[in-house]
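Quick note: the coordinates plus some simple rules give every number you see, no bench work behind them. Since the structure is predicted, the reported quantities are computational estimates derived from the model, not experimental observations. Cβ sites come from the backbone with ideal geometry, for glycine too, and all protein chains shown count toward neighbours.
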Amino acid sequence: MKLILRWGVLALAIWIATATLPGITVVGGFWAYLWVALLLSLINTFIGSLLKLLTLPVLLLSFGLFSIVINAAMLALTSRWSTHLNVDSFWHALLGSIVISAISWLLNSITSKRAQF
């Protein structure tokens with residue numbers, strides 16, 4: 001149940017990013033957002049984790065800020081592998097990854113606190 005809730009939160013964060021940022025679009029309706037969220041989470045789980053492990057010295061030297069660049073690269077890779085997501089440039093992916101990460105963190109913290117009570 002928690003996994004499905006986090007998947008929905010990620011889809012909502014992607015929707016908010018596409019609504020606020022001009023360089024990121026999702027072609028399709030509700031199911032397209034869920035598909036993009038699923039693909040992004042799978043890419044982040046496998047490839048993103050490996051990249052973070054390989055770039056651990058850079059992550060430590062930048063106090064974790066390099067993870068934003070890795071998240072942007074994962075968003076651009078998701079755009080490349082999905083026909084539903086279009087990201088215009090790396091800078092749009094960078095802004096999109098910041099927005100998606102911030103909104104996902106906020107919504108996940110809200111939903112996890114509600115689940116505790």
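In the range 18-117, counting only helices (runs of 4 or more DSSP H) that sit wholly within it, the ones holding 2 or more residues that are free of Cβ contacts under 8 Å to residues at least 24 places away in the same chain, among the hydroxyl-bearing types (Ser, Thr, Tyr) and surrounded by fewer than 16 Cβ atoms within 10 Å (Cβ to Cβ) span 90-116. Filtering the range 8-17 to residues that are surrounded by 23 or more Cβ atoms within 10 Å (Cβ to Cβ) and either free of Cβ contacts under 8 Å to residues at least 24 places away in the same chain or over 22 Å from residue 111 (Cα atoms) (or both) leaves nothing.
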